[in-house]
Amino acid sequence: MKAADAVSPFRQRLPFAGLLLAAIAGILFSDGLSVSPIHSWITLGCFVLILGCCGSAGRSIPALGITFAAFALIHAWDWNASPSRRIAEWWDRHPGEYEVRGVVAQEPHSSPSGTLSFALRIESIAPAGEEKTIAASPIRVMVHWSGDAVEYGDQVSFRAVPSRPEPPRNPGSMDYPAWLARHGIFTQFRLDPSVPGHMISQGLGNPLVRFSIMARHWAEQILGIDLEKPSAVLGAIQGICLGVTENAPEGFTEEFRFTGTMHLFAVSGLHVGMVAVILWFFFQLIRLPRVWSVAASIPSLFLYVSVTGFKDGSLRAATMASLFLLGLAFFRRSPPVNTLAAAAFLQLAADTNSLFSAGWQFSYSVVLAILLLASPIRHRIVTWHCADPFLPPRLLTHPERIRFAIWAEFAALASVSFAAWIGSLLPTLVYFHLISFSALGANLAAVPLAFGVLSLGMLSLLTGGISAWVAGAFNNANWLVTKLLLLTVQGSALLPGGHWFIGPPPKPYPVITFLDLRGASCAVIRNGFCTTMIDAGRKRDAERSILPMLESAGVNRIGSLLVTRSDASHLGGIPSLRRDFRIRDLVLPSDPGKSPSARAIFSSQVHSTYPKSGTQWEVSPEILARSFLAEGDAVTLRLCMAGVTVLWVTRTDDAALAHLEVLAPEDLRADLVVMPLGGARMETVCALLRRIAPRALITPVGGFGRNSIPSQEWTGVLGDLGVTLFRQDQTGAVILSGDPKNPTIRSWLPAGPELKLNPENREKPGPR
Amino acid sequence: MPEQSEGERILSPMRRLGGILLDLFYPPHCSLCGCRIEAEAEGEGAVFCEPCLADILPPPEHRCPLCSHPMAGLMLCPNCDGRHWHLETIVPSCRYEGGVRGMIQRFKYGRDIAMARPLGTLLLRALRDSRLEGKTFDAVVPVPLHPKRERERGFNQADLLARLLSRSTGIPKQDLLKRTRPTAQQAGFDRSHRMENLRGAFVLRQQLPPDASILLIDDVSTTGATLDACAAVLKEEGAAEIAAVVVARG
């Protein structure tokens, strides 16, 4: 006899699958209307086509149509016409300072610099110094707080200027405004420390959320008893048991990402399923009737979900577990695919923007793949090594039985792992730009170990309230299991070819991306599949901007990394780059300079030095480099590629520029100059630029220090020289396309200028 | 057509909505093969597809009128031979083989509580048997499990079946019996061992109505020893008539 879940889903009745499809189509239709109507009509066309293909859906068309229309309307209200969006647009037209009062709507997040950020539910807004209130509706904004420490549920007031969240400044960086917008936030307030905000009252938030936050902090403390803080082990334990990764060391999750085991930190179905089993057995133990056990288990599950922060995966699992438990009360069982679709439908009904969340997409695609594929894959694996089906089982020897049983268990684990890998393939490619082959093996070992970590964590939490000593004992045991897990993951991440970054196909001509690192320096040259880099920025720049850019471009190895100056803002990111990529040739200046981080890198990294000053060499096919001033801690580079010449001047002090003045004009001539103008003497630089005769100049702009911000006069001065200025505080990254037919320099941010380097366009620089 | 009361008029659409929601979240599917079933289907058609329903075999035509033991080519029932029964008859719905056997095993040993509904639906078949025609019963009584076994299993399968039968027929379910000691599982014992195993295992939990007519419920009957032990207790306490229905006869 077959179980209902062993039957092909095509032979099952799955009413929620159709409704979910209609809901998704409705949301995409409504969402597309705000982008371009053509998207909406394409969505509608696809939906009708699918309906047409499903002959049996004929009778359900009215229900599907109503669902489509209802979700399109809900999403239109949630997204296109939300009060938060409308007031953000009003603020765009009415800039100025406003007096704001509201309630902290989420647990404040502390940045490394100590600034608290949180979403605020606004109660009233008034222009500064005026009495009248212009809005009093449930609007959410992001606040970068300055003032007394605040918690969830505190009522606060402050005076600040509203602004739009900053868009990503480099390719590959996270689109923070888009992420905030999907959470109903379109405006941010950055408080001036000289005018701090005030707390008016406390305890106004949702009591359940307040309790959940309190419970989470308590659980974090219990799980940390007797363990080193902060550490990778504690980070992993808290991540697996509570989904909290904020306290983990920076870069800690990278190996989990590369090995496709990131889901262990997502408080997924594994966690919720285990909690559901524990709860069910507990209620049965105290002899609670079945219906009451169901009634008690469901709220308890959602309490756990709220303690772990309402993650998409845990919400999905809790909804599925609740439907399964309700089925026990009604003597009913649903096909698992229908239950999955029902959970997705309910989650979308609660928040239509969930559809665009990476967590939602990961969670549902992985579970769907497991439900559809794990069983046939397991069957196939089992048949590779199983007893002859015509042989009576009693004729098997004991070792044979054990061998076949172990193989069957392995097949079950491997099939789930393989199915989950297939399910996560597309979202991993879209969001992480990689395919992880090591995920197949890593999950086989990591999932049972994570189950052990979760079990020991649960035991620690259960006993922590009674005895800290017992909880400590469990934590120490957990330390060992977690260490094993980390070793497994780290070992898998080191496997050659274990993961592969996939990006868009490279252009047939060289492209240089000058990253905006707020004063630090880094450029990535892509020439076909060859990648060359100039400078590596600071350590945090590498983690936040350089690595995401390289990964999104599908870079898997770096040919040459040329460092133009021995200081932390030019080579601080090398260790991070070396951790994630193979660098064939690291070229450093001859002098390590005075910077401690530079000295550390000079002594720890295998490297070569620049050739003799003025020598030309090929850094990658069709890209020629020439270095000057190679005897000091700074180097000036001249790159020639596809008819475009770039001069990279790393220092603009008088001594460094004096070295350039002695060079012949043909050695200096360049179409583009990269040079920090902050703190540079205008006369000296202008004199040099007259000799170089560039068409454009890119200047990095730092966030701190007077010398790192060039004056506004430069735009006019350079305009007189016929040079288009790309200030990176206005342009973000700058991209030079070396297309022989149409070489262009363009800004990453839409407001920045664009310059075509063709002779006929020489006189037409200007903003896009 | 009788007029609906005010309460019924309010409750009726709510019940219909509840039914629609139940069918959405728990769409009807065949309990044997798992394939889809038409949402409008009723009775056995709401829990089994047509091919599977055809595979559920009714008890053999030539059977003992008392214990339903197959009697093809026999004059005397080997199961009843020399035995004094306390109940009138044991009526099974179908044979204990194929899909039904798998369902009962999943229900009892796999703790798959969702099997209660299809097995309860099958049980209704037994009530249409000619031996129970024209009879009325005062109570539906499930064969009890020992509390320890019930805790292990999480439920008493006979109790769930009796509850469903009571809901369908309107005959009140009464837990009249109690198992006083844990008995070894009957499966694997012969007739005499089964009877020995059950001696003094059941007692009455509450007073019987005078001259009560009782319908005993269990999932499977093989020799009928358990049902007869229960009937003996009920008879001793004054029950006038006792019949038993089971899902399948082993």
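Residue-wise test of (1) part of a helix (DSSP H, G or I); (2) under 19 Å from A:R518 (Cα atoms); (3) touching a helix residue (DSSP H, G or I) at 6+ places or on another chain (Cβ under 9 Å).
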residue: A:W617; (1), (2), (3): no, no, no
residue: A:A625; (1), (2), (3): no, no, no
residue: A:L637; (1), (2), (3): no, no, no
residue: A:L647; (1), (2), (3): no, no, yes
residue: A:A687; (1), (2), (3): yes, no, yes
Every residue from the range B:47-85 that is surrounded by fewer than 19 Cβ atoms within 10 Å (Cβ to Cβ), touching a helix residue (DSSP H, G or I) at 6+ places or on another chain (Cβ under 7 Å) and in a loop (DSSP other than H, G, I, E, B): B:P65, B:W85
Tally of residues being within 17 Å of B:D81 (Cα to Cα) and surrounded by fewer than 24 Cβ atoms within 10 Å (Cβ to Cβ) across the range B:207-228: 3
Any hit, the range A:380-394, residues being under 28 Å from A:A236 (Cβ atoms), in contact with a Phe, Trp or Tyr (Cβ under 9 Å, 6 or more places away or on another chain) and in a helix (DSSP H, G or I): no
Some residue of the range B:182-191 being within 14 Å of chain A (Cβ to nearest Cβ), part of a helix (DSSP H, G or I) and touching a residue at least 60 places away in the same chain (Cβ under 8 Å): no
Top-ranked residue of the range A:455-476 - restricted to ones that are assigned to a loop (DSSP other than H, G, I, E, B) and among the small types (G, A, S), ranked as farthest from A:G243 (Cα to Cα): A:S467
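Per-residue answers, yes or no, for (1) out of contact with any Gly (no Cβ under 6 Å at 6 or more places or on another chain); (2) under 26 Å from A:T308 (Cβ atoms); (3) modelled with pLDDT under 85:
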| residue | (1), (2), (3) |
| --- | --- |
| A:R85 | yes, no, no |
| A:Q106 | yes, yes, no |
| A:E131 | yes, no, yes |
| A:R140 | no, yes, no |
| A:S146 | yes, no, no |
| A:D154 | yes, yes, no |
| A:V161 | yes, no, no |
| A:L180 | yes, yes, no |
| A:G184 | yes, yes, no |
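One line per residue, one yes/no per condition, for (1) more than 14 Å from chain A (Cβ to nearest Cβ); (2) farther than 30 Å from B:A239 by Cα; (3) touching a residue at least 60 places away in the same chain (Cβ under 8 Å):
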site: B:I10; (1), (2), (3): yes, yes, no
site: B:I37; (1), (2), (3): no, yes, no
site: B:A54; (1), (2), (3): yes, yes, no
site: B:P70; (1), (2), (3): yes, no, no
site: B:L76; (1), (2), (3): yes, no, no
site: B:P92; (1), (2), (3): yes, no, yes
Count of the range A:329-341 residues which are buried (at least 20 other Cβ atoms within 10 Å of the Cβ) and small (G, A, S): 2
Selection status of A:F29, in contact with a Leu (Cβ under 7 Å, 6 or more places away or on another chain), at pLDDT 75 or above and either within 14 Å of chain B (Cβ to nearest Cβ) or in a loop (DSSP other than H, G, I, E, B) (or both): no
Residue list for the range A:461-508, restricted to those being of a type in the set (S, T, N, Q), closer than 25 Å to A:E255 by Cα and surrounded by fewer than 17 Cβ atoms within 10 Å (Cβ to Cβ): A:N476, A:Q490
The range A:287-298 residues that are within 15 Å of B:R153 (Cβ to Cβ), paired with ones that are aromatic (F, W, Y) and in a loop (DSSP other than H, G, I, E, B) (beta carbon under 7 Å, 6 or more apart): A:R290/B:F155
Test: residue in the range B:132-143 that is outside any strand (DSSP E or B), within 14 Å of chain A (Cβ to nearest Cβ) and of a type outside the set (S, T, N, Q): no
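The rows are residues; the columns are (1) touching a Cys at 6+ places or on another chain (Cβ under 9 Å); (2) surrounded by fewer than 22 Cβ atoms within 10 Å (Cβ to Cβ); (3) in contact (Cβ under 8 Å) with a residue 12 or more places away in the chain; (4) not polar (S, T, N, Q).
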{"site": "A:L562", "(1), (2), (3), (4)": "no, no, yes, yes"}
{"site": "A:A568", "(1), (2), (3), (4)": "no, yes, yes, yes"}
{"site": "A:R578", "(1), (2), (3), (4)": "no, yes, yes, yes"}
{"site": "A:R626", "(1), (2), (3), (4)": "yes, yes, yes, yes"}
{"site": "A:L629", "(1), (2), (3), (4)": "no, no, yes, yes"}
{"site": "A:L637", "(1), (2), (3), (4)": "no, no, yes, yes"}
{"site": "A:V644", "(1), (2), (3), (4)": "no, no, yes, yes"}
{"site": "A:D654", "(1), (2), (3), (4)": "no, yes, yes, yes"}
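To keep it simple, each residue is scored yes or no on (1) within 13 Å of another protein chain (Cβ to nearest Cβ); (2) surrounded by 19 or more Cβ atoms within 10 Å (Cβ to Cβ).
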position: B:L87; (1), (2): no, yes
position: B:R95; (1), (2): no, no
position: B:G120; (1), (2): yes, yes
position: B:D129; (1), (2): no, no
position: B:L160; (1), (2): yes, yes
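Just to be sure before I move on: is B:E152 out of contact with any Lys or Arg (no Cβ under 7 Å at 6 or more places or on another chain), more than 14 Å from chain A (Cβ to nearest Cβ) and without any contact (Cβ under 8 Å) to a residue 24 or more places away in the chain in the structure I sent?
no
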Count - residues of the range A:256-310 that are away from every other protein chain (no Cβ under 14 Å), closer than 17 Å to A:A321 by Cα, of a type in the set (F, W, Y) and in a helix (DSSP H, G or I): 2
Failed criterion for A:D591 (all others in (1) without any contact (Cβ under 8 Å) to a residue 60 or more places away in the chain; (2) exposed (fewer than 15 other Cβ atoms within 10 Å of the Cβ); (3) out of contact with any helix residue (DSSP H, G or I) (no Cβ under 8 Å at 6 or more places or on another chain); (4) not hydroxyl-bearing (S, T, Y) hold): (2)
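Evaluate the following for A:I66: is it touching a helix residue (DSSP H, G or I) at 6+ places or on another chain (Cβ under 9 Å), surrounded by fewer than 17 Cβ atoms within 10 Å (Cβ to Cβ), part of a helix (DSSP H, G or I) and of a type outside the set (D, E)? Quick ask: steps written out before the conclusion?
Working: touching a helix residue (DSSP H, G or I) at 6+ places or on another chain (Cβ under 9 Å): yes; surrounded by fewer than 17 Cβ atoms within 10 Å (Cβ to Cβ): yes; part of a helix (DSSP H, G or I): yes; of a type outside the set (D, E): yes.
Criteria met by A:I66.
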Pair list, Cβ under 7 Å, 6 or more apart: the range A:338-353 residue within 13 Å of chain B (Cβ to nearest Cβ) and more than 21 Å from A:I185 (Cβ to Cβ), other residue surrounded by 24 or more Cβ atoms within 10 Å (Cβ to Cβ) and among the small types (G, A, S): A:F345/A:A23
The lone exception for B:E44 - which of (1) away from every other protein chain (no Cβ under 14 Å); (2) surrounded by 12 or more Cβ atoms within 10 Å (Cβ to Cβ); (3) assigned to a loop (DSSP other than H, G, I, E, B) it fails: (3)
All helices (runs of 4 or more DSSP H) inside the range A:560-610 with 1 or more residues being of a type in the set (D, E) and farther than 24 Å from A:R626 by Cβ: A:574-580
Residues of the range A:197-214 that turn out to be part of a loop (DSSP other than H, G, I, E, B), under 16 Å from A:A149 (Cβ atoms) and more than 31 Å from the chain's Cα centre (by Cα), as a count: 2
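Given the options A:L371, A:L326, name the one that is touching a Pro at 6+ places or on another chain (Cβ under 6 Å), within 14 Å of chain B (Cβ to nearest Cβ) and surrounded by fewer than 21 Cβ atoms within 10 Å (Cβ to Cβ). Let's see the steps before the verdict.
Details: A:L326 fails: touching a Pro at 6+ places or on another chain (Cβ under 6 Å).
Testing whether each residue is touching a Pro at 6+ places or on another chain (Cβ under 6 Å), within 14 Å of chain B (Cβ to nearest Cβ) and surrounded by fewer than 21 Cβ atoms within 10 Å (Cβ to Cβ) leaves just A:L371.
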Options A:R669, A:R638; residue that is touching a Leu at 6+ places or on another chain (Cβ under 6 Å) and either of a type in the set (K, R) or at positive phi (or both): A:R638
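The values are calculated or read from the model by the stated rules, or taken from the named source; none is laboratory data. None of the values given here were measured: they were computed from a predicted structure. Quick reminder, even Gly has a Cβ in these numbers, built from the backbone with ideal geometry, and neighbours come from all protein chains shown.
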